[in-house]
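For reference, the structure discussed in these notes is given below.
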Amino acid sequence: FAAKEAAFDALLHGSPADRWALGVTVAGSALTVAYTVRFVWGAFFRKPGAQDTPVHRVGWAFLAPPALLAVCGLVLGPGVGWTDRLFSAYADAFPPASHPYHLALWHGFGTALLLSAVALAGGVVLFLRRTTVTRLSRRIAWPTADSVFGHLLLGLERLSLQLTGFVQRGSLSVYLATTLLVMLAGQLTVLGVDRPWRTAAAPRIWDAPLQGAVAVLTCAAALLCLTVRRRMKAVVLAGLTGYGAALLFVVQGGPDLALTQFCVETVSMIVFVLVLRRMPVHFQETVSSWRRAVRIPVALAAAATLGVVVWVAAAARTADPAGAAMVTEVSHHGLKDVVATILVDLRAWDTMGESAVLAAAAVGVTSLIYLHRRTEGPSLREEAGGRTAWSLTAPGMTGLPQGDEGAPERGWLAAGATLAPEHRSVVFEVVARLLFHPVLVLSLYLLFCAENMPGGGFVAGLVAGLALITRYLAGGRFELAEAAPLQPGLFTGLGLFLSTGVALLGLVDGTVLHAWTHYGRLPLIGEYHIGTAILFDFGVYLLVLGVVLDIVRALGAKIDRQIERAAAEKAAAASPSAPPRAAPGTEGTPG
């Protein structure tokens, strides 16, 4: 009653259109009274000629819930005014109404009460004339509720099937075009209606002419992506756009961002190359001339719109940048690298959350690619007698090359001899051997110097991952197994455990992620200091290293094993007299 009277009062003081809504609301209230009285009369009143339905008593557990609701209704109905302050606190956030309304059970005699009485009387009249109403409704032949619901459900199903067939075309290019068109329409509408450039300051074209030159080259690489048909060329051009963005960071004075961007682009291109081994050289989708003529303007318009939006947003800044305060905060603690300090100290919560998301994404993606136990299987020593993916064209090779005395011949890499001679590169093996350990040392340097020099756990983990990728590219999956005998999940789990442990260690002082710093002196090294931020960053380092290693093993070593197994099956089918031979490393291990 209190809610219904509040609705009546609000519509009474509304616009003329609200008066029509008020009439519909009163009529609906009358129908509510009618069918409610009909239900109560049909269930609980005695009717002439009707026999009582035999019932049995029910327990208190069955009666307690409706009894509780009834008591709450009896209390909260008269006490509805108690909730007025609760809802008023929310209503005060909006502009005040010309006729403020407060919840109460009794507002005195007025129009709202009169409308409630009309609804009540109308419902009672409809109930008393229920026979006439039923006869009239049958003559008009109203559609039943079941029929209306069934037709609505059938129509919705047909509409959804047609809409799904039109939108879900199975084409990534169509999905991308749809996303870009929606973004383009929304941004152009905002720019056309608000016209933000009228109040924004004139933005600078560049801070240095070198930025313009790098931007032009990056845009040229992006434009060339529109016309390529070879997958590898598209990957290279897309990578060049990322390297161009990294060069812009260098010119702008952001070495941390540039170093991270360079490493991310390098790892991404290697992952793309590993995936493209099992894909056709050319894009298989046939694109007509008119479709290409439509796609290119959409791509260019979307790029131009985003550029203008970013440009206008940068020029519309009214508040002071937060960078100056962060630089002051970092320098107050005797540090110089603002970016690294922000990541592991000022917003370490975000970094820890992103680390958990990265670990979950890596585990999920690699598990979706291959359904396998997260083990590498037999080691090099157990599996060296078989062929590798790169020794398929060397039928005479059955294992590691033997020296004069039967001992394995020593090479530049631990497992380089498992590759066929035509797939080996001595220069690459020498370079991989010479650079592997210095690159690992460089990754540790980037990790521990992050307080005052460009670096950090994320980029250091990527650099260490690149060292392992180099070993894999030079010597194959056996070489990767020798370079990283531990499982990727160990690095990922240990990194998460270390970062979370450092965060929870702060609870000793009462604050999560509370930072401590220890100063000391070591012989030959001199004075040193180590803080919880370094330990936190070391957890990120292990996490990123585990993610990179997991991806390389899933997209590299596992694909190699598939190639070996397919080649062994093909060779067995070509020579039926030869005994079947399983691919090395696949015995007892699900593919």
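Restricting attention to the stretch 417-435 and to residues that are buried (at least 18 other Cβ atoms within 10 Å of the Cβ) and charged (D, E, K, R), the residue that is nearest to residue 482 (Cα to Cα) turns out to be 433. Inside the stretch 241-297, can you point out the residues that are over 30 Å from residue 178 (Cβ atoms) and either polar (S, T, N, Q) or assigned by TED's automatic domain parsing to the domain that holds residue 446 (or both)? Residues satisfying the conditions are 252, 260, 266.
State whether the residues of the stretch 31-39 include one that is small (Gly, Ala, Ser) and outside any helix (DSSP H, G or I). Looking for residues that are small (Gly, Ala, Ser) and outside any helix (DSSP H, G or I), one finds none in the stretch 31-39, hence no.
Is there a residue in the stretch 43-62 that is surrounded by 13 or more Cβ atoms within 10 Å (Cβ to Cβ) and of a type outside the set (A, V, I, L, M, F, W, C)? Scanning the stretch 43-62 turns up no residue that is surrounded by 13 or more Cβ atoms within 10 Å (Cβ to Cβ) and of a type outside the set (A, V, I, L, M, F, W, C). What number of residues within the stretch 89-107 satisfy the criterion of being loosely packed, with under 13 Cβ neighbours inside 10 Å and either of a type in the set (Ser, Thr, Tyr) or more than 16 Å from residue 7 (Cα to Cα) (or both)? Count: 8.
Looking at the stretch 239-253, can you tell me whether even one residue there is outside any helix (DSSP H, G or I) and either touching a Lys or Arg at 6+ places or on another chain (Cβ under 8 Å) or over 30 Å from residue 336 (Cβ atoms) (or both)? No; the residues of the stretch 239-253 include none that is outside any helix (DSSP H, G or I) and either touching a Lys or Arg at 6+ places or on another chain (Cβ under 8 Å) or over 30 Å from residue 336 (Cβ atoms) (or both). Assessment of the stretch 110-118 against the conditions (closer than 21 Å to residue 36 by Cα and without any contact (Cβ under 8 Å) to a residue 40 or more places away in the chain) yields at least one matching residue. When every residue of the stretch 453-470 is checked against the conditions, none turns out to be over 18 Å from residue 340 (Cα atoms) and assigned to a loop (DSSP other than H, G, I, E, B).
Count of the stretch 492-529 residues, restricted to those that are of a type in the set (Gly, Ala, Ser), over 19 Å from residue 350 (Cβ atoms) and within 38 Å of the chain's Cα centre (by Cα), is 2.
The values are calculated or read from the model by the stated rules, or taken from the named source; none is laboratory data. Just so you know, these numbers come straight off a predicted model, no measurement behind them. Positions of Cβ are generated from backbone atoms using ideal geometry, with glycine treated the same way; all protein chains shown enter the neighbour counts.
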